[in-house]
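A quick write-up on the structure given underneath.
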Amino acid sequence: MPDLAVETHGIVRTFRDGSVRALDGVSIAIPRGRVFGLLGPNGSGKTTMVRILSTIIRPDEGSATVNGFDVVRQADAVRRSIGLAGQFATVDDNLTGLENLRMMGRLNHLDHATVRVRATQLLEQFGLAEAARRNVKTYSGGMRRRLDLAAALVASPPLLFLDEPTTGLDPQSRQDLWGFIEGLVESGTTVLLTTQYLEEADRLADELAVLDHGRIIAQGTSSELKARLGATVLSLTFSTTADAERGALLLADLTTKPAFVEGDVVDLTVTAGPAAAAEALRRLDAADLVVTGLALREPSLDDVFLTLTGHHAPDGAAEEPIAGSGRRRR
Amino acid sequence: MSVSGAPTTSAEWRWAVRDVWTMGRRNILALVRIPVSFVFALVQPVMFVLLFRYVFGGAIRVPNGQYVNFLIPGILVQTTIFGAIGTTIGLAEDLQRGLIERFRALPMARMAVLAGRTVSDLLRNVVVLLVITGMGFLVGFRPTGSLISYVGASVLMLFFAYALSWGFAYVGLAAPNSETAQAMTFPVIFPLTFASSIFVPVAFMPSWLQVFARNQPVSQVAEAVRGLMLGVPHGHATWIALAWAVGALVVLAPLATRRYRRVA
Ligand SMILES: Nc1ncnc2c1ncn2[C@@H]1O[C@H](COP(=O)(O)OP(=O)(O)O)[C@@H](O)[C@H]1O
Ligand SMILES: [Mg+2]
């Protein structure tokens, strides 16, 4: 096995006879055993990248190797060495969870005994053992996602592609799924993850690339990017404008950028949110200043875009998961 | 596996056959799970049998013998052709739900998705054919040919429908969504089944229509099936029908396969 699980050079892919440039020269390298996060708003090219790397479509220009195999010339070898969980949980509604996993196992050309063992094992691992013999139609969104992930893991691939694994999930299901992904990483699986959520990328990925209109506009470890992007915003509301200005002076050394005062609200950019909040409250209390409101705000993808590009994330970059089944890809 | 995706070695062929079986089994499981789709496949031919046997049939005169004996072989041909449209719907749904996308990232044989689908639809057609055959006997159908040629007629129409299902597979892959997929088959299927000798002898039609109606493939299949089931001479219709079926398969299967490679 090569040291790099994924290596691409200048991938270009267009649609609609060249009028849509979904990817415009993307080069990434993912060392084995790492989690790589591809962060970008809707339409930035995340899914197109995953589809090229999983041999579903071919690049127009550039080259890509996956586990050392060329995605165009050695597509079948690539397919034998990857697992894919697409943007929309694609499991067969007419089958049970168990049948879905067995089908995936057989189509991965595992032998009968392995298929049976793996299917049972994965259902257990993903908390679906009780629902194993129920039609997938009756599953909740979170259960479908888990089954979808399990289906990608049937052949125990060393490399996993996860395209927006938690979009559309409720917070609890999202936490659960993050837990599963972290478990996989611990056991040595390499992961390429796409997401619209900075929080998700931050929690799961060792290294990040930010995608905008098919180009990578920033790349680095999550802490490198964070340092560039500024971290948490501590927002304090005072009862008067005069108090706000006094407060801003008192707290000037807590913030990494100049404090931002607007009316009776003071915004401070801080590195460690909770600690800074506690310290701020202590000082303000000692100075007899009354705080009427306090909020800690993590930077959103939109904040990132604003910082990196000077423009807001393109239309549709969701702050919150879009509920429901969403658009089905054709 | 070769770059083109077609199996080359014998081991690859073994896997390919297993993949077809896996896919076919999955489709059959779905059929058993949602018997509604089965019922739908049956409702329409049952309606046609009743409609033509008891409503229109009295007004239709056929050259020799009773109309019911003319009608039922024709209805069976129509039923198997309509049954093959299921391929369109099944594939369009798989495509829309993203399943085909997922299959394309698997090391399975590329042809297995289409072959598994057409084979399972063929099996469904066999069951539908048996049911409608039983129905035909209930309403008075009395074939007078030998059992061998009766079975031969059944195999012939199933084979013809199977060949067509590759064309329907193409439509399913080309359709924008599963709702329109079925409707897209109608402009081809309606003229072929109704401007044919399925329900009435072609001689009853206006002469301009007769040329088409007499020579188009569905009429040839209907003539052959009727001739075989009733044990009456029917010229070369069996061979012509067989040639149409083989021709359709040879043309439509590669067309659908190419389309499958291109869907993205
Ligand atoms: N099959 C396709 N046909 C036409 N345009 C496409 C197709 N797939 C993607 N695109 C376009 O390419 C761009 C990138 O899409 P995509 O990779 O799906 O982005 P993301 O996954 O980041 O939302 C978008 O403008 C999208 O409309
Ligand atoms: Mg996407």
For this session: Could you please tell me which pairs satisfy a Cβ distance under 7 Å, a separation of 6+ or placement on different chains, a first residue in segment A:79-103 that is within 8 Å of chain B (Cβ to nearest Cβ) and over 17 Å from A:ALA129 (Cα atoms), and a second residue that is polar (S, T, N, Q) and buried (at least 24 other Cβ atoms within 10 Å of the Cβ)?
Result: A:ARG79/A:THR55; A:ILE82/A:SER54; A:LEU84/A:SER54; A:ASP92/A:ASN100
Problem set entry | Test for B:ALA222: is it at pLDDT below 95, in a helix (DSSP H, G or I) and surrounded by 15 or more Cβ atoms within 10 Å (Cβ to Cβ) | no
Problem set entry | Cross-chain or 6+ apart pairs with Cβ under 7 Å, segment A:142-165 first and more than 12 Å from chain B (Cβ to nearest Cβ) and within 12 Å of A:LEU184 (Cα to Cα), then basic (Lys, Arg) and surrounded by fewer than 22 Cβ atoms within 10 Å (Cβ to Cβ) | none
Exercise. Given the structure, is A:GLY68 surrounded by fewer than 19 Cβ atoms within 10 Å (Cβ to Cβ), more than 14 Å from ligand 2 (Cβ to nearest atom), more than 14 Å from chain B (Cβ to nearest Cβ) and over 21 Å from the mean Cα position of the chain (by Cα)?
Worked result: yes
For this session: For segment A:161-171, state whether one or more residues are more than 23 Å from A:VAL136 (Cβ to Cβ) and either within 16 Å of ligand 1 (Cβ to nearest atom) or of a type in the set (A, V, I, L, M, F, W, C) (or both).
Result: no
For this session: Only residues that are within 15 Å of ligand 1 (Cβ to nearest atom) and of a type in the set (A, V, I, L, M, F, W, C): list them for segment A:65-88, please.
Result: A:LEU84, A:ALA85, A:PHE88
Exercise. So which residues in segment A:9-23 are within 8 Å of ligand 1 (Cβ to nearest atom) and in a loop (DSSP other than H, G, I, E, B)?
Worked result: A:ARG16
Problem set entry | Residues that are modelled with pLDDT under 95, in a helix (DSSP H, G or I) and of a type in the set (A, V, I, L, M, F, W, C), drawn from segment A:153-201 | A:LEU177, A:TRP178, A:PHE180, A:ILE181, A:LEU184, A:VAL185, A:LEU198, A:ALA201
Exercise. Going by the conditions given, is A:THR14 within 13 Å of ligand 2 (Cβ to nearest atom), out of contact with any Phe, Trp or Tyr (no Cβ under 7 Å at 6 or more places or on another chain), modelled with pLDDT of 95 or more and within 14 Å of another protein chain (Cβ to nearest Cβ)?
Worked result: no
For this session: Could you tell me whether any residue of segment A:163-173 is more than 13 Å from the chain's Cα centre (by Cα), crowded, with 16+ Cβ neighbours inside 10 Å and in the same structural domain as A:VAL35 (by TED's automatic domain parsing)?
Result: yes
Problem set entry | Members of segment A:24-59 that are within 14 Å of chain B (Cβ to nearest Cβ) and either within 7 Å of ligand 1 (Cβ to nearest atom) or not polar (S, T, N, Q) (or both) | A:THR47, A:THR48, A:MET49, A:VAL50, A:ARG51, A:ILE52, A:LEU53, A:ILE56, A:ILE57, A:ARG58, A:PRO59
For this session: Looking at (1) on the phi > 0 side of the Ramachandran plot; (2) more than 9 Å from every other protein chain (Cβ to nearest Cβ), find the lone condition where A:HIS109 falls short.
Result: (2)
Exercise. Which members of segment A:17-65 meet the condition of being within 16 Å of ligand 2 (Cβ to nearest atom), hydrophobic (A, V, I, L, M, F, W, C), in contact with a helix residue (DSSP H, G or I) (Cβ under 8 Å, 6 or more places away or on another chain) and under 14 Å from A:ALA209 (Cα atoms)?
Worked result: A:LEU23, A:VAL26, A:LEU38, A:LEU39
Problem set entry | Count of residues meeting criterion [buried (at least 21 other Cβ atoms within 10 Å of the Cβ) and more than 12 Å from chain A (Cβ to nearest Cβ)] in segment B:92-119 | 4
Seminar exercise, completed: Here the residues within segment A:89-108 that are among the aliphatic types (A, V, I, L, M) and within 16 Å of ligand 1 (Cβ to nearest atom) are A:ALA89
Exercise. A:LEU147: surrounded by 16 or more Cβ atoms within 10 Å (Cβ to Cβ), more than 16 Å from ligand 1 (Cβ to nearest atom) and aliphatic (A, V, I, L, M), yes or no?
Worked result: yes
Exercise. Among the residues of segment B:14-52, which ones are more than 11 Å from chain A (Cβ to nearest Cβ), over 15 Å from B:GLY116 (Cβ atoms) and not β-branched (Val, Ile, Thr)?
Worked result: B:PRO35, B:PHE38, B:PHE40, B:ALA41, B:LEU42, B:GLN44, B:PRO45, B:MET47, B:PHE48, B:LEU50, B:LEU51, B:PHE52
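One line per residue, one yes/no per condition, for (1) within 16 Å of ligand 2 (Cβ to nearest atom); (2) of a type in the set (Lys, Arg); (3) assigned to a helix (DSSP H, G or I); (4) closer than 26 Å to A:GLN175 by Cβ:
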{"residue": "A:ALA209", "(1), (2), (3), (4)": "yes, no, no, yes"}
{"residue": "A:GLN219", "(1), (2), (3), (4)": "no, no, no, no"}
{"residue": "A:VAL233", "(1), (2), (3), (4)": "no, no, no, yes"}
{"residue": "A:LEU236", "(1), (2), (3), (4)": "no, no, no, no"}
{"residue": "A:ASP253", "(1), (2), (3), (4)": "no, no, yes, no"}
{"residue": "A:LYS257", "(1), (2), (3), (4)": "no, yes, no, no"}
For this session: Would you mind stating whether B:GLN182 is surrounded by 13 or more Cβ atoms within 10 Å (Cβ to Cβ), closer than 26 Å to B:ALA115 by Cβ and at pLDDT below 95?
Result: yes
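The values are calculated or read from the model by the stated rules, or taken from the named source; none is laboratory data. Note that the structure is predicted; figures quoted are calculated from it, not measured. FYI the Cβ positions are ideal-geometry reconstructions off the backbone, even for glycines, and counts take in every protein chain you see.
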